[in-house]
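Heads up: the structure comes next, in structure tokens.
The values are calculated or read from the model by the stated rules, or taken from the named source; none is laboratory data. Remember, it's a predicted structure, so these values are computed and weren't measured experimentally. For neighbour counting, all protein chains shown are included, and Cβ atoms are generated from backbone atoms with ideal geometry for every residue, glycine included. Surface accessibility is based on the protein's heavy atoms, side chains included, excluding ligands, DNA and RNA. Shrake-Rupley method; radii C 1.70, N 1.55, O 1.52, S 1.80 Å.
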Amino acid sequence: MIDQPADPSNAPKSSQPHIVLVRPQMGENIGAAARAMLNFTLSKMRIVEPRDGWPNPKAVAMASGAAGRVLDHAGVFDSVAEAVADCDFVFATTARGRELPKPIYTPETAMIEAHRRIQAGQKVAVMFGPERTGLENDDIIRANAIITIPTNPEFFSLNLGQAVLLTSYEYSRHVLEAEDIAEGLAGHEPASAGDVEAWGDHIEGRLEEAGFFYPPEKAPMMKRNMRNMWTRFAMTRSEVQTLHGALKQLLRGKG
């Protein structure tokens, strides 16, 4: 039976990144990803809306010895927002998304950064999209940064298992090489993805009431750009609380 935490925010901090498979289409590819992870000592998998349901016997067969170590403890979630809600920093692995202003890393530099943040006590996730389409912009806006794997521009499509393997390899390769770096937040706890999501809901709702999102046909793009802005800021938890308080006070003053 697959463990499915109802509230991931209660989970302890991890010493490795969480690999998040978003809407994977084939059980075989989930199994291949699990096998690639365990090849390089990673075991924290989260799955969002698997197309063929879960558990999946084809995933177990492909995972081989990684089934008990990875798949049996994978978390299954109904949305990307839920899957990364407890994470302090999220990478989105994609060849697209350049229209969204975010830092872009190679797998090597991303995993050095992931190790640095994990050593500082943060929880890090790396998202991978569906085999056919990759991550959508509505997925990418929930990430703090993008990972782009350098590939042949004439043949850049990677299998899901291959992409997970490359990233897992880079993490294991640099775990012992990366030096600890002071976080520089002066003891302040970074805002989790769930904190930022709640703030986005708060201000978006108030702006909706004020008629800010006009004309209607531009509203989705405006909301997406605003959500992307909040994740890019890398705010602390206290900063998010301050923004909530400031907005509430402004609205109270209008009343």
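At a glance:
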item: Subset of the stretch 237-255 that is touching a helix residue (DSSP H, G or I) at 6+ places or on another chain (Cβ under 9 Å) and open to solvent by less than 100 Å² (accessible area, probe 1.4 Å) - its residue that is modelled with the lowest pLDDT; result: LEU251
item: Among residues of the stretch 147-162, those that are over 15 Å from the mean Cα position of the chain (by Cα) and crowded, with 21+ Cβ neighbours inside 10 Å, counted; result: 2
item: Odd one out for ASN144, checked against (1) under 29 Å from MET222 (Cβ atoms); (2) over 14 Å from the mean Cα position of the chain (by Cα); (3) at pLDDT 95 or above; (4) of a type in the set (S, T, N, Q); result: (2)
item: Hits in the stretch 24-75 (condition: under 24 Å from SER172 (Cα atoms), open to solvent by 50 Å² or more (accessible area, probe 1.4 Å) and in a helix (DSSP H, G or I)); result: GLU28, ARG35, ASN39, VAL60, MET62, ARG69, ASP72, HIS73
item: Residue that is in contact (Cβ under 8 Å) with a residue 12 or more places away in the chain and surrounded by 19 or more Cβ atoms within 10 Å (Cβ to Cβ), where the choices are GLY121, GLY134; result: GLY134
item: Subset of the stretch 98-112 (residues that are under 24 Å from THR41 (Cα atoms) and open to solvent by 30 Å² or more (accessible area, probe 1.4 Å)); result: TYR105, THR106, GLU108, THR109, ILE112
item: Pairs with Cβ under 7 Å, 6+ apart, first in the stretch 206-219 and under 18 Å from GLN249 (Cα atoms), second open to solvent by 40 Å² or more (accessible area, probe 1.4 Å); result: ARG206/LEU251
item: Enumeration of residues in the stretch 217-236 that are open to solvent by 90 Å² or more (accessible area, probe 1.4 Å) and either of a type outside the set (Asp, Glu) or closer than 21 Å to VAL84 by Cα (or both); result: LYS218, MET221, ARG232, PHE233
item: SER79, sole failed condition from (1) surrounded by 16 or more Cβ atoms within 10 Å (Cβ to Cβ); (2) at pLDDT 95 or above; result: (1)
item: Residue selected from the stretch 82-97 under the condition closer than 21 Å to LEU158 by Cβ and assigned to a loop (DSSP other than H, G, I, E, B), by the criterion most open to solvent (accessible area, probe 1.4 Å); result: ARG96
